[in-house]
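Asker: Shown below is the structure under consideration.
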Amino acid sequence: MGSGIKKEIKTFDTMTGSLLRMKGWLTDLGITHVAMESTGPYWKPVFNILEDSFEVILANARISRMYQGGRRT
């Protein structure tokens, strides 16, 4: 049997309605924690939408690349 880990990718734009759909999707999946990179000011709207429903972990982009073998995935 597998580990039970499932990978699912979905794309959302940065408009509020789309971010709220993303929040609903994550909630429906039973997600409790979200990790995201702090790239410029772009993380702020996403963080603001998610912070009241999830444990949001904000990572420094340079440091997170070290854990990804020097490339973004």
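Asker: How many residues, within the range 27-44, are over 19 Å from A59 (Cα atoms) and under 14 Å from the mean Cα position of the chain (by Cα)? Walk me through how you get there before you give the answer.
Answerer: Looking only at the range 27-44, we keep the residues that are over 19 Å from A59 (Cα atoms), and these are 27-30.
This time we only want the ones that are under 14 Å from the mean Cα position of the chain (by Cα), so: 27, 29-30.
So the count comes out to 3.
Asker: Within the range 1-19, take every residue that is polar (S, T, N, Q) and open to solvent by 50 Å² or more (accessible area, probe 1.4 Å) and give me the one that is farthest from F54 (Cα to Cα).
Answerer: Here is the first cut: in the range 1-19, the residues polar (S, T, N, Q) are 3, 11, 14, 16, 18.
The next check asks that each one be open to solvent by 50 Å² or more (accessible area, probe 1.4 Å); those that pass are 3, 11, 14, 16.
Values: S3: 23, T11: 19, T14: 18, T16: 17 Å.
Filtering the range 1-19 for residues that are polar (S, T, N, Q) and open to solvent by 50 Å² or more (accessible area, probe 1.4 Å), the one farthest from F54 (Cα to Cα) comes out as S3.
Asker: Scan the range 20-38 and give yes if some residue there is exposed (fewer than 10 other Cβ atoms within 10 Å of the Cβ), touching a residue at least 12 places away in the same chain (Cβ under 8 Å) and basic (K, R), otherwise no.
Answerer: Within the range 20-38 (the criterion being exposed (fewer than 10 other Cβ atoms within 10 Å of the Cβ), touching a residue at least 12 places away in the same chain (Cβ under 8 Å) and basic (K, R)), the answer is no, since none of the residues qualifies.
Asker: Still on this structure: Filtering the range 50-63 down to residues that are in contact (Cβ under 8 Å) with a residue 12 or more places away in the chain and over 11 Å from the mean Cα position of the chain (by Cα), which residue is most open to solvent (accessible area, probe 1.4 Å)?
Answerer: Keep residues of the range 50-63 that are in contact (Cβ under 8 Å) with a residue 12 or more places away in the chain, which gives 50, 53-61.
Cutting the leftovers down to over 11 Å from the mean Cα position of the chain (by Cα) gives us 53, 60-61.
Working: S53: 59, N60: 79, A61: 15 Å².
Ranking the qualifying residues of the range 50-63, first place goes to N60.
The values are calculated or read from the model by the stated rules, or taken from the named source; none is laboratory data. These figures come from a predicted structure and were not determined experimentally. Reconstructed Cβ throughout: ideal geometry from the backbone, glycine too, with neighbour counts over all protein chains shown. Surface accessibility is based on the protein's heavy atoms, side chains included, excluding ligands, DNA and RNA. Shrake-Rupley method; radii C 1.70, N 1.55, O 1.52, S 1.80 Å.
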